[in-house]
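Trainee: Have a look at this one before I ask anything.
Computed from the coordinates by the stated procedures, all read-outs in this text should not be read as laboratory data. Just so you know, these numbers come straight off a predicted model, no measurement behind them. FYI the Cβ positions are ideal-geometry reconstructions off the backbone, even for glycines, and counts take in every protein chain you see.
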Amino acid sequence: MSELDTPEAYKFDSSPLLSMKEAAAYLNICLSSMYALAEREKFPLVFVVSDKKIRKSVLDEYITRCEEPWRLFLLETQHN
């Protein structure tokens, strides 16, 4: 049985697709920074015709990863 035969392989992410311009606005960065970030972080992109789209859930996960060090720092400073 291959891993594609399992139900987990067919889970669908219903998170909305954002254009790169919408994604940049969501993160409050310029469009060229959005393209650079997508390449650096290796965000999974969806190609619709010739347009690159990115799932909002991917951006939300990125935001959470970026917040993590700050949470730890704030917790440490509150205990000192």
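Trainee: Net charge within 14 Å of Ser32 by Cβ-Cβ distance, Lys/Arg positive one each and Asp/Glu negative one each, not counting Ser32 itself?
Mentor: +2
Trainee: Once you sort the root eigenvalues of the Cα gyration tensor of the range 14-79 as a ≥ b ≥ c, which label holds: rounded (a/c under 1.5), prolate (a/b larger than b/c) or oblate (the other case)?
Mentor: It comes out prolate by the Cα gyration axes.
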